[in-house]
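To start, the structure itself, in structure tokens.
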Amino acid sequence: MMKRLLLITTLAAIVGIGGWVAMRGPTVAPPSTMKIEATAARLDRGKYLFEVAMDCSNCHSEHDMSKFTIPVVPGRLGAGMVMPKELGLPGQINPRNITS
């Protein structure tokens with residue numbers, strides 16, 4: 001009888017804590033209202049980070065899978081893409097559009 005009560009109490013605690021965590025959700029700050037001046041130097045730096053250093057354009061741009069080098073489709077740089085099954089990724093991944 002005591003073991004049964006302990007088991008029921010433990011399960012109730014686990015379900016209660018799990019429910020609390022699931023309903024609480026992540027805490028997200030509101031978007032910043034900060035405005036930054038778009039100078040030529042900042043735009044060049046952003047382009048370098050996007051296209052070279054961080055390689056954001058690889059996942060966030062549509063690619064022509066019919067060509068060997070898998071180039072970015074002209075005019076689709078940063079426009080988002082659905083990752084193809086051929087990449088062997090688990091499930092469907094949709095890196096969204098990150099252009100302004």
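The values are calculated or read from the model by the stated rules, or taken from the named source; none is laboratory data. Computed from a predicted structure; not experimentally measured. Here Cβ is always computed from backbone atoms with ideal geometry, including for glycine, and neighbour counts include all displayed protein chains. The area values use the complete protein model at the heavy-atom level, side chains included, leaving out ligands, DNA and RNA. Shrake-Rupley method; radii C 1.70, N 1.55, O 1.52, S 1.80 Å.
Worth pointing out:
- ³J(HN,Hα) computed for each position of the range 73-90 - Karplus, 6.51 cos²θ - 1.76 cosθ + 1.60, integer Hz, glycine/proline x: 5, x, x, 10, 5, x, 8, x, 6, 9, 5, x, 4, 4, 6, x, 7, x
- Cα gyration tensor category, rounded, prolate or oblate, for the chain with a/c compared to 1.5: oblate
- The chain: angle of helix 2-24 to the longest principal axis, Cα-based, in degrees nearest 10: 30
- Solvent-accessible area per residue for the chain (1.4 angstrom probe, square angstrom): 89
- Among 33-40, 68-75, 51-58, the peptide with the highest mean count of other Cβ atoms within 10 Å heads the list, and the full ranking is 51-58, 68-75, 33-40.
- Label-point gap, in nm, between Thr69 and Lys35 - each point 7 angstrom along Cα→Cβ: 4.1
- Extension gain, Asn94-Ala13: 0.36 nm per intervening residue step, less the Cα-Cα distance, totals 25.5 nm.
- Here Lys67 is the anchor, and the lysines within straight C-alpha reach of less than 30 Å, apart from those fewer than 8 places off in the same chain, are Lys47, Lys85.
- With every protein chain in place, the chain: carbon and sulfur % of accessible area (1.4 Å): 65
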